Structure formats: C-alpha cells, structure tokens
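Engineer: Sending over a structure as structure tokens; questions will come in a sec.
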Amino acid sequence: MKVIILGGGLAGISLACFLQDAPEITAIDILEKESEPGGLCRSFLHNGIAVDIGPHIFFSKDKGTLNFMLDMLGENKHELRRSNRILHKGRFVQYPFENDLSKLSEGDRAKCVNGFLQNPYRDYPANNMLQFFLKIFGEGITNLYLRPYNEKIWKFDPAFMDTQMVERIPRPADEDILRSAAGETIDGYTHQLYFSYPKAGGTAAFVKAFASKLNEKVKIHASCEVNSVLKLNNGWRVAAANAEFEGDLLASCIPVNILTEIYKGIDERAAEAGRSLRHNNIIIAMATVSMNRVGNDFAFMVADPDVIFHRINKVDFLGENYHKDGTVTYMMEYTYRDGDKTAALSDEELQERFIDGLIKIGFAYNANEVLSFTLKRFPYAYVIYDLEHKKNMAEIRNYFNGQKIFLNGRFGNFEYWNMDAVVAESRKTAKKIMEVQ
Ligand SMILES: Cc1cc2nc3c(=O)[nH]c(=O)nc-3n(C[C@H](O)[C@H](O)[C@H](O)COP(=O)(O)OP(=O)(O)OC[C@H]3O[C@@H](n4cnc5c(N)ncnc54)[C@H](O)[C@@H]3O)c2cc1C
C-alpha cells in the first residue's frame, strides 16, 4: 500500500512517522514545495543565530503530546518562564492586559475598571469576536487594547470574526479586576506560563529530530510543488512540475484552499468554499541592535497602529545560543493580507518602517544602533475565523471525506492549531488511515 502525503511541514512529517511502521504500508512519498521540509517550523539564520517564523514555544494542555514532543528534542531543550509585556502608550503592562491594570495611566485604568464593573453588554449573546470582548471585558479593556491589537494581528475586523478563538476565555472575577487595578499583578493563562524551547537550532531542531526517525519506506521529495491531484479508479495521481506520483491513499497537509484549487473535477460548492477561506501572511523582520534598552523580557505586544509590527521578541531570552555578546537580537512580526498597501512595499521601504517602529517604542534611539537587518515573507501565518469559516470548512470536509482524502495539519484543516494540536491530529489521522485501508 503506497501513501502520498502532500506537504512536508510538521503535519506531513509527523503523519509519516506515525504510519511508517504499519506492515501494510510499503512506501510513503512526501511532496514538499520548498527546498527543505519543516513548513512553519523551519528556522533560518540571522547573523549566525537560528530564528523561527515567529518564536515557536513548546507548551500544551495535552501533557501526553507535550511529553512526546519534548522527548523528540532529547537533551536539546530547556524550560523558560514566560515574560511577556504589552507596550501600551509607552508603559509596560504584564500580559494578559486585564491582570496588570495598575500600570495604566489613572484615566485609562478608570476606563477599564468602570467599563468592566458597569458593563451594559454583559447579558447580550456574543455573536462575533468583538461582541465577545465587549461582553466579557467591557468597553475600556476592549477599546484600549483588545480591539486595536486584534485588528492588527488578524488584519480583519473582529466584528466579522466568530468566537471560536476566544470562547473559552473565562470572564475575570470582579475582585481580580479590582486587585489588578490596585497594583497586584496576577499571572494569567497559566498553561503557557512555563514553556520549553530547543537549546540550539531553533524550532527546526524539532522537525529535524522528527524527520530523523523516518525509515527507508519514507521519501521526502523537496522542491516538488504539487499542481494537480486526480482521483483514479483505485488510487491517486499527483503531479508536480517535473514529476508524477501514483499512490493508493492520499493525505493532504497543504493549505486546503490550494487543494480545492488543484483538485481535478472538484464539486463547485467545495471549490467556492475553498475560495472563501481567509488567512493572513506574515513578514518576519530581524534586527541586531547595539544597545539593550529594555531589560530582559521576551515578547512585547504592540497594539499602536503607528508601529508596523504587532509583536516584538527579544531572541536573546531563548538562551545562550540565541545571544551574541554586546548586541541584542529582535524579531518583529507583521501580518498582512494579499493586496495590502504595505505588502506591496519593497524590502527597503519595509526595513525603514520596522526600524522606525523600533525607535518609536524606544528599543533603539536611532537607526545607527541597528547593526544588521533581515526580512522574510511567508504566505500562510494565521487562519482567520471569519463568520463563514465553520460553514465553509464543513462543506470542504464533507466533500473530501466523500473523496476519501485525509486532511491533516494546520492549514490542511484550516484551523488555528499549534504544534501540539498538529502532532495529536497526525496521530489520529494515521489511525484513521490504518482503519480504512
Ligand atoms: C507566527 C507563528 C507563530 C507560531 N508560534 C507557535 C508557538 O509558539 N507554538 C506552537 O506550538 N505553534 C506555533 N505556531 C504554529 C505552528 O507553526 C503550526 O502549528 C505548524 O507548524 C503547522 O504545521 P503544518 O505542517 O500543519 O503546516 P505548514 O507548516 O504550513 O506546512 C505545510 C507545508 O505544505 C507545503 N506546501 C504548500 N503548498 C504546497 C504544494 N502545492 N505542494 C507541495 N507542498 C506544498 C508548505 O511549503 C509547507 O511546508 C506558530 C505559527 C505562526 C505562523
């Protein structure tokens, strides 16, 4: 039994790993568009330091999967304590925002506390993300931080996004908001308070460790962009520019809106649902700066629309292999939509905007402090849970289930899945494949 896997990101590699020992499986071909596997879990070198596509921290509520992932890293890992801040009007507020209200100006603090305690939206149903924020946190916290930050990261208005990203956030107790406003800083989202990270090599070390477990049945075909998928009487024919593959079973870990585009003879409703899915893209900008002007925290959320990036991370925080003496390395993240004005800017123009942002937030005093700069664009970053997402994905899942194609992975399922969810789903997908064949 030959299996074809489209996409060699974490989903494709982990699926192959979970399938390879089944005696019925004789060969697994992983077809990957880029010159190396890893997808969003790749890392690249900036100034000799391995950096990710947005720092990938290892955490999970699912302890079984987390332990499995950490075992994969072997000795190459260490544990760190989250140290994230929100940069709000020149003030550092500990993340999450509602737990550190005393750091705000008196006026902003009063807006947050009053908006929370006298909340006119509390008893309405929340039909979209913005309504959810207003209902749970009130106008102050929503308008000062949640709304601008969410607009910035998604590049999509939260009034047109559904609540599946946020619906598990509990409403803070009145006394917690009062304690936070009075000066007590409370740790929130404690399942990610401690996280692990590879000691060396960035997150790529994790996928490389996974890939090193693949046996001789598995072949990764890099630089192999799939451009057509055809169902045969008894299997599949998949074509890339210079090669064709046939197999008995097909699993797709490439973005499902690409699959709906290249799938021969697709039903028009599924094709239309694929065209309607929304995601954003990301630019990662790296800057080595000569002076440390901000202490030793890790990540800073920046909701200010005048600063191009929504998050800036101090890479040095991740350990000695991510630090060069006498300098500080920052990773800045900027999401964009296809067709955005900023997306059309040249690398030089973008560089100017990023450095301007660094200066605006006080992380550099002038452009001369920036010693080196790298910028990279990646076409898939975050799934947008727009109001039609559930309906569109139900249509697509239903169609590909009927075709007996196994959808796997983050964009393979078009869900906001972190590495732990991807690994856990790959295990389940492997099980399903073994059950049907
Ligand atoms: C900014 C950012 C920060 C993140 N931070 C974290 C974090 O802190 N912790 C965490 O656990 N997770 C994090 N994640 C999520 C994590 O990156 C993903 O869950 C995981 O990498 C998804 O793996 P995947 O294989 O499903 O998808 P991908 O990595 O997207 O892999 C899909 C693969 O398909 C290939 N492909 C696409 N089209 C074709 C084609 N036509 N033919 C062949 N191949 C094709 C792509 O090149 C890619 O290799 C983050 C993600 C982002 C964007």
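Derivation of every value follows stated rules applied to the coordinates shown; laboratory data play no part. Note that the structure is predicted; figures quoted are calculated from it, not measured. We place every Cβ from the backbone using ideal geometry, glycine too, and count neighbours over all the protein chains shown.
Engineer: As a test of the definition: which semi-axes, in Å, follow for the range 334-393 when you take the square root of five times each eigenvalue of its alpha carbon gyration tensor? Largest first, please.
Structural biologist: The equivalent ellipsoid of the range 334-393 has semi-axes of 32, 13, 10 Å.
Engineer: Under 5 Å between amide H atoms, partner at least 5 residues away or on a different chain: which partners does residue 225 have, H built in plane at 1.01 Å?
Structural biologist: 241
Engineer: Using the alpha carbons of the range 174-297, what is the convex hull volume per residue in cubic angstrom, as a whole number?
Structural biologist: Per-residue hull volume (Cα only) is 267 Å³.
Engineer: Please report the orientation-averaged projected area of the chain, defined via the convex hull of its C-alpha atoms, in nm².
Structural biologist: Averaged projected hull area, Cα only: 21.8 nm².
Engineer: Next question, about the same structure. State which stretch of the chain is the longest one without any exposed chymotrypsin sites (Phe, Trp or Tyr not before Pro), exposure meaning a DSSP loop state and at most 16 other Cβ atoms within 10 Å.
Structural biologist: 1-188
Engineer: Taking the chain as a Gaussian network, Cα atoms linked when under 10 Å apart, which of 159, 22, 50 shows the biggest mean-square fluctuation?
Structural biologist: 22
Engineer: Could you tell me the ratio Rg/Rh of the range 358-409? Both radii from Cα atoms, Rh via Kirkwood.
Structural biologist: Rg/Rh for the range 358-409 comes to 1.36.
Engineer: With N denoting the number of residues in the range 97-187, provide Rg(C-alpha) divided by 2.2 N^0.38 Å, to two decimal places.
Structural biologist: Rg over 2.2 N^0.38 Å, computed on Cα atoms: 1.04.
Engineer: Next question. Using DSSP loop states and a limit of at most 10 other Cβ atoms within 10 Å to flag trypsin sites (Lys or Arg not before Pro), what is the longest stretch of the chain containing no flagged site?
Structural biologist: 62-167
Engineer: I'd like the GluC sites (Glu not before Pro) in the range 143-228 restricted to DSSP loop residues with at most 13 other Cβ atoms within 10 Å, sorted by number.
Structural biologist: 167, 184, 216
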